[in-house]
Amino acid sequence: MSGVPREQYMEMFRRAEQSLRDRGYQRIVNPIRVWACRWPWLYRIVGYRLTLWYDLQLLKRCDAIYLLNGWKDSKGAYIEFKLALRRNLYVMTEQTGINVRFDILGYVATLAKETWTKNK
C-alpha cells in the first residue's frame, strides 16, 4: 500500500483476515503473507510488478475478494478488483461486510459520476 506506513497496513490486513475468520471463512489468502510482502528486503529486490503478478496468480485460485476501505485509491487493489470481476468472483467490501455482486455497468456509472463530480 503506497503512502501508508508498513505497520499500519500490515495491521489493517491482519484485522481484515481475523474478521473473515470470525465470520467462518477458513481458507484466506492474505496479501501481506505473500513472500515478498513479509520481508521488505526481498520486496526491494523483486519489486512491485512481480509481487503484484504473484498476488494475481493467487487471486485466480480464489472464490471471492475482500476489499479494504480505500481500495479505489490503490492501483493494485483496483487491478485485483478488475480481475475479480472478469473471473466473476464474489466481491466483499470492508464497508458493507457482506457478499455483493457488483454490476459492472452500475460501477462504471458510479465511477464516471465520481470522476465527473471531481472535475467540476
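Each value in this text was obtained by applying a stated rule to the coordinates, not by laboratory testing. Bear in mind that the values here come from a model prediction, so they are computed numbers and not experimental data. Cβ sites come from the backbone with ideal geometry, for glycine too, and all protein chains shown count toward neighbours.
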**OP:** Compute the relative contact order of segment 7-101 as a whole-number percentage, counting only Cα pairs closer than 8 Å that sit 6 or more residues apart in sequence.
**Re:** 20
Subject >> R0 of 35 Å, Cβ-Cβ distance residue 10-residue 88: FRET efficiency to nearest 0.05 >> reply: 0.70
**OP:** Using a 10 Å cut-off on Cβ atoms, rank the peptides 46-58, 71-83 from the highest mean neighbour count down.
**Re:** 71-83, 46-58
Subject >> Cα centroid separation, segment 59-76 to segment 1-57 (Å) >> reply: 11
